[in-house]
Amino acid sequence: QVQLAESGGGLVQSGGSLRLSCAASGRTCSGYSMGWFRQAPGKEREFVAAISWSGGTTYYANFVKGRFIMSRDNAKNTVSLQMNSLKPEDTAVYYCAADRRPRIYGSISGDYWGQGTQVTVSS
């Protein structure tokens, strides 16, 4: 079993930045690709970004391209999401997810999920 714990959420003004982190514990995430999803009030959960096990491949939803950067540190079992130029429409609970497959071809399947961290962007 893999446990994922997100951190770094908070309140930020429009145009600001936040950095989310996700720490994996329990069974190792060795060989797993990782991703971020988000869910705004009254909306379905949507894909944000994904990164392959090696870190060599990333994939982003169109609405965050050029603003968000996902990275990982396999030695520390962590992934991060640097969010820049935040907009009020980025307000959501952000979830970290792990996928047993090492490669990515777009969005990932969430075999394991974190509890989420709230991001609120004020206008």
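Candidate cross-link partners of Lys76 among the aspartates and glutamates, defined by an alpha-carbon separation under 18 Å and a same-chain spacing of 8 or more, comprise Glu6, Asp99. Spin-label pair Ala75-Arg45: with each label point 7 Å from Cα along the Cα-Cβ axis, the two points sit 3.2 nm from one another. For the chain, relative contact order (Cα pairs under 8 Å, six or more residues apart, normalised by length) works out to 36 percent. Computed from backbone phi, the HN-Hα couplings of segment 108-123 come to 10, 8, x, 6, 9, 10, x, 7, x, 9, 7, 10, 10, 10, 8, 8 Hz, rounded to whole numbers (Karplus: 6.51 cos²θ - 1.76 cosθ + 1.60, θ = phi - 60°; Gly and Pro given as x).
Candidate cross-link partners of Lys43 among the lysines, defined by an alpha-carbon separation under 22 Å and a same-chain spacing of 8 or more, comprise Lys65, Lys87. Unpaired cysteine residues in the chain (no second Cys Cβ under 4.7 Å): Cys29. Percent of accessible area on segment 28-123 owned by carbon and sulfur, 1.4 Å probe? Carbon-and-sulfur percentage of accessible area, whole number: 47.
How big is the gap, in Å, between the Cα center of segment 13-31 and the Cα center of segment 72-104? Segment 13-31 and segment 72-104 have Cα centres spaced 5 Å from each other. What the chain shows is 51 Å² of accessible area per residue, with the surface traced by a 1.4 Å probe over protein heavy atoms.
The values are calculated or read from the model by the stated rules, or taken from the named source; none is laboratory data. Fair warning: this is a prediction, and the values are worked out from it, not measured in the lab. For neighbour counting, all protein chains shown are included, and Cβ atoms are generated from backbone atoms with ideal geometry for every residue, glycine included. Calculation scope for accessible area: heavy atoms of the full protein, side chains included, ligands and nucleic acids excluded. Shrake-Rupley method; radii C 1.70, N 1.55, O 1.52, S 1.80 Å.
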